[in-house]
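Below you'll find the structure, written out as structure tokens, and then a few comments.
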Amino acid sequence: MANLKEIRNRITSVSSTMQITSAMKMVSAAKLKKAQDAITAMRPYAEKLTELLQNLSATLEGDAGGEYTTQREVKKVLLVVITSNRGLAGAFNTNAIKEAKNRADYYTGKQVDVFAIGKKGNDVLSKTLNVVGNQSTVFDDLTFDNVAKIADTLMEKFVGGEYDKIELIYNQFKNAATQIVQTEQFLPLASLKANAAETAGDYIFEPSKEEIVLTLIPKSLKTQLYKGIHDSFASEHGARMTAMHKATDNATELRNQLKLTYNKARQAAITNEILEIVGGAEALKG
């Protein structure tokens, strides 16, 4: 059995760790509320924008999406992997990185590059895959304008023929304890044609429907990326809050076990001292 000093040092160490994990849990809980409100408020807008785009394109003839819907033979693929800048978030980053590697394996024989949004994904994936870009500072000021610049870069890469397909990989926020890894096609846009029979409403379009669709597509792409990053941001704090909650519980349990061990060891030491004193007294009597 370890001596009393070693056990006391371990109790102090575990208690310090417990204070840190508890503080991190509270910080993530506070940030999660704001991030959750943001993604919850944004989803209806993004869904309505997509619905409007589909309804408009369903009434158009020919290729309504212009250069963003161009289907080419897939030879070069860009994976946009959204992770976090910090760890201690359970399997949050690991799941997204694992999915990115699975997608790279899926496209075996083709050129697969990675565009990392988040430091953790960049650090890990750069060891095995070709990372052509990293935007880890976007989380410092997560605004639509900053994300729109990244979306513009991705759209330029596709339109310029640098890549034939671009996919987004991120954690979708469900609740604080559950994050679902999603892989979405960013470009080219999937067929925008909806069932024309389901397109309801009699509208007057100004300017033309074609111009409206071509204006909405870049905005829809920027919104899709912005939603993905916000989903990942909320998922990060949910995952970290859950991980730190479990770590705090484990530290509390370990501290209690160490205290019990310490008390037993201290009791045994006191008992031995009493026995030695009694034995010495008896020896003196004899």
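So, in region 18-35, of the ones that are open to solvent by less than 70 Å² (accessible area, probe 1.4 Å) and among the polar types (S, T, N, Q), which residue ends up nearest to Phe173 (Cα to Cα)?
Ser28
May I ask you to list pairs of residues, at least six apart or on different chains, whose Cβ atoms are under 6 Å apart, with the first in region 257-269 being at pLDDT 90 or above and the second being of a type in the set (Lys, Arg)?
Within 6 Å, the pairs are Leu258/Arg10.
State whether one or more residues within region 190-199 are open to solvent by less than 40 Å² (accessible area, probe 1.4 Å) and modelled with pLDDT of 80 or more.
The answer is no; no qualifying residue exists.
One line per residue, one yes/no per condition, for (1) modelled with pLDDT under 95; (2) under 30 Å from Leu214 (Cα atoms); (3) of a type in the set (Ser, Thr, Tyr):
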site	(1), (2), (3)
Asn102	no, no, no
Val138	yes, yes, no
Asp141	yes, yes, no
Ala177	yes, no, no
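Check Met18, Met42 and return the single one that is of a type in the set (A, V, I, L, M) and within 30 Å of Thr223 (Cα to Cα).
Met42
Would you confirm whether any residue within region 44-64 is closer than 30 Å to Leu32 by Cβ, assigned to a loop (DSSP other than H, G, I, E, B) and of a type outside the set (D, E, K, R)?
No, every residue in region 44-64 fails to be closer than 30 Å to Leu32 by Cβ, assigned to a loop (DSSP other than H, G, I, E, B) and of a type outside the set (D, E, K, R).
Report yes if some residue within region 274-284 is more than 28 Å from Arg8 (Cβ to Cβ), open to solvent by 80 Å² or more (accessible area, probe 1.4 Å) and among the acidic types (Asp, Glu); otherwise report no.
Taking every residue of region 274-284 in turn, at least one turns out to be more than 28 Å from Arg8 (Cβ to Cβ), open to solvent by 80 Å² or more (accessible area, probe 1.4 Å) and among the acidic types (Asp, Glu).
Limited to region 39-48, what total is found for residues that are crowded, with 17+ Cβ neighbours inside 10 Å and within 14 Å of Phe233 (Cα to Cα)?
1
Considering each residue of region 120-152, count those that are in a helix (DSSP H, G or I), in contact with a helix residue (DSSP H, G or I) (Cβ under 7 Å, 6 or more places away or on another chain) and open to solvent by 40 Å² or more (accessible area, probe 1.4 Å), and give that number.
Result for region 120-152: 4.
The values are calculated or read from the model by the stated rules, or taken from the named source; none is laboratory data. Here the structure is a predicted model, which means the values were calculated and not measured. In this analysis, Cβ positions are derived from the backbone assuming ideal geometry, glycine residues included, and neighbour counts consider all displayed protein chains. Ligands, DNA and RNA are excluded from the accessible area calculation, which covers all protein heavy atoms including side chains. Shrake-Rupley method; radii C 1.70, N 1.55, O 1.52, S 1.80 Å.
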